[in-house]
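Colleague: The structure under discussion is supplied below as structure tokens; questions concerning it will follow.
The values are calculated or read from the model by the stated rules, or taken from the named source; none is laboratory data. All values reported here derive from a predicted model rather than from experimental measurement. No Cβ is skipped: glycine too gets one built from the backbone with ideal geometry, and neighbour counts run over all protein chains shown. Only protein heavy atoms, including side chains, enter the accessible area calculation; ligands, DNA and RNA are left aside. Shrake-Rupley method; radii C 1.70, N 1.55, O 1.52, S 1.80 Å.
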Amino acid sequence: MSKSWSFFLMSGSRRKSERCFGEKGEFQVKKTDVIIPVYKPDKRLFVLLDLLERQTVRINRIFLVNTEQIYFDRLIIGTDFWQRYKNVSVRHISRREFDHGNTRRCAVAESDSDYFVMMTDDAIPADEYLLERLLAPLAEKKAAMSYARQLPAPDCGVIERFTRDFNYPDQSVVKSAKDLPVLGIKTFFASNVCAAYDRAVYDRLGGFVKRTIFNEDMIYARKLIDAGESIAYAAHAQVFHSHNYSAFQQFRRNFDLGVSHAQFPDIFGGVKTEGEGIRLVKGTCSYLVKEGKPWLILKLFFHSGCKYLGFFLGKRYQKLPWRMVRQCSMNREYWK
């Protein structure tokens, strides 16, 4: 196991309880499942599962939806995976079957819990209180969805480190429709890298969209806002999660982001979007100067330009040649 992650498993946790604590005091934990799409997993998956086992909240079941069985089998061969993780279920699908929305939708259908938590296989809980703090806004009826703070991973680059802090600050907030005029798209910004959902509300609103190239979490979050529900950003519920994408990877990721905006104008239309990107670039420039690394501003401008170009073309994908669309997309299987 990488030394970068092994230290997270050193500390113990307090005994699991049916009662936990939020801002309003003690609350009773309802039945909770965790759902994790998996693709080409590495040893971080074991770290993630071990830390989920140490959570103060008792998890009912963990559902892994793995894309391409061969990669999963390579990881667990020679291990005691099935004896070690008794409450883990694994369902294998092909790359062609995977969809950001429907894959999660089908996994939720297998759960009968009151709450469910969506995670990705590269998100590492910062401590044993992650689920307790993530579920508190739901248990206290403050929100129907809550999402965690994403901290930079140990190998995170300096530019990405600021991006994590920009998108995931240290102050919790509850957002609703009244915030749309001021916050714009940030009102329903929410990430299911680590997010908890109230199952009753989820079922009432029809759940995740059946087909989307990207942004299934924000598409559902906008449905919540439009239905008069609230979304909680739980800053004290924390996971380590960041990427060191190349400029071309940033381009392709933002191309898919633009495609999702174009395909769901009822979700993303009529709200401010570009202003957040400009604020991020300005803030990152100031941060790099403060950190004594002004030469990275050139890299920032290049990467930011690739992001913008990808998003610009993605929003206009219907006007592009089909071959070009596939080459630009990070999720090429979507177009088959």
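Colleague: Can you tell me which condition Ile213 does not meet? The list is (1) within 21 Å of Tyr317 (Cβ to Cβ); (2) assigned to a helix (DSSP H, G or I); (3) β-branched (Val, Ile, Thr), and all the others hold.
Modeller: Ile213 satisfies all of (1) within 21 Å of Tyr317 (Cβ to Cβ); (2) assigned to a helix (DSSP H, G or I); (3) β-branched (Val, Ile, Thr) except (2).
Colleague: Let me ask something additional. In region 267-285, what residues are among the aliphatic types (A, V, I, L, M) and either open to solvent by 90 Å² or more (accessible area, probe 1.4 Å) or in contact (Cβ under 8 Å) with a residue 40 or more places away in the chain (or both)?
Modeller: Within region 267-285, Ile267, Val271, Ile278, Leu280 qualify.
Colleague: Still on this model: Read through the list (1) within 21 Å of the chain's Cα centre (by Cα); (2) open to solvent by 10 Å² or more (accessible area, probe 1.4 Å); (3) modelled with pLDDT of 95 or more, then give the number of the only condition that Ala227 fails.
Modeller: Tallying (1) within 21 Å of the chain's Cα centre (by Cα); (2) open to solvent by 10 Å² or more (accessible area, probe 1.4 Å); (3) modelled with pLDDT of 95 or more, Ala227 fails exactly one: (1).
A quick yes/no check of all residues on (1) in contact (Cβ under 8 Å) with a residue 60 or more places away in the chain; (2) over 17 Å from the mean Cα position of the chain (by Cα); (3) surrounded by fewer than 21 Cβ atoms within 10 Å (Cβ to Cβ); (4) farther than 21 Å from Ala109 by Cβ:
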position: Lys175; (1), (2), (3), (4): no, yes, no, yes
position: Lys178; (1), (2), (3), (4): no, yes, yes, yes
position: Pro181; (1), (2), (3), (4): no, yes, yes, yes
position: Ala196; (1), (2), (3), (4): yes, no, no, no
position: Arg199; (1), (2), (3), (4): yes, yes, no, no
position: Asp203; (1), (2), (3), (4): no, yes, yes, no
position: Gly206; (1), (2), (3), (4): no, yes, yes, no
position: Val209; (1), (2), (3), (4): yes, no, no, no
position: Phe214; (1), (2), (3), (4): yes, no, no, yes
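Colleague: A further question on this structure: Looking at region 94-117 only, could you name the residues that are aliphatic (A, V, I, L, M) and surrounded by 17 or more Cβ atoms within 10 Å (Cβ to Cβ)?
Modeller: Those that are aliphatic (A, V, I, L, M) and surrounded by 17 or more Cβ atoms within 10 Å (Cβ to Cβ): Ala107, Val108, Val117.
Colleague: Right, next: For the list (1) without any contact (Cβ under 8 Å) to a residue 60 or more places away in the chain; (2) assigned to a helix (DSSP H, G or I); (3) over 22 Å from Asp122 (Cβ atoms), I need the number of the one condition that Leu288 fails.
Modeller: The single condition Leu288 does not satisfy is (1).
Colleague: Which of the residues that make up region 300-333 are in a helix (DSSP H, G or I), within 13 Å of Leu257 (Cβ to Cβ) and either open to solvent by 40 Å² or more (accessible area, probe 1.4 Å) or not small (Gly, Ala, Ser) (or both)? Please lay out each step first, then the result.
Modeller: Of all residues in region 300-333, those in a helix (DSSP H, G or I) come to 300-315, 317-319, 322-328, 332-333.
Those still in the list that are within 13 Å of Leu257 (Cβ to Cβ) too: 306-315, 317, 328.
Hits for region 300-333 are Cys306, Lys307, Tyr308, Leu309, Phe311, Phe312, Leu313, Lys315, Tyr317, Cys328.
Colleague: Another question about this same structure. Out of the residues in region 230-259 that are in contact (Cβ under 8 Å) with a residue 24 or more places away in the chain and of a type in the set (Gly, Ala, Ser), which is surrounded by the most Cβ atoms within 10 Å (Cβ to Cβ)?
Modeller: Ala237
Colleague: What single numbered condition from (1) under 20 Å from Leu138 (Cα atoms); (2) among the hydrophobic types (A, V, I, L, M, F, W, C); (3) modelled with pLDDT of 95 or more fails to hold for Val57?
Modeller: Answer for Val57: the failing condition is (3).
Colleague: Which condition does Ser146 not pass, out of (1) open to solvent by 30 Å² or more (accessible area, probe 1.4 Å); (2) touching a helix residue (DSSP H, G or I) at 6+ places or on another chain (Cβ under 7 Å); (3) within 17 Å of Ala196 (Cα to Cα), if it passes all the others?
Modeller: (1)
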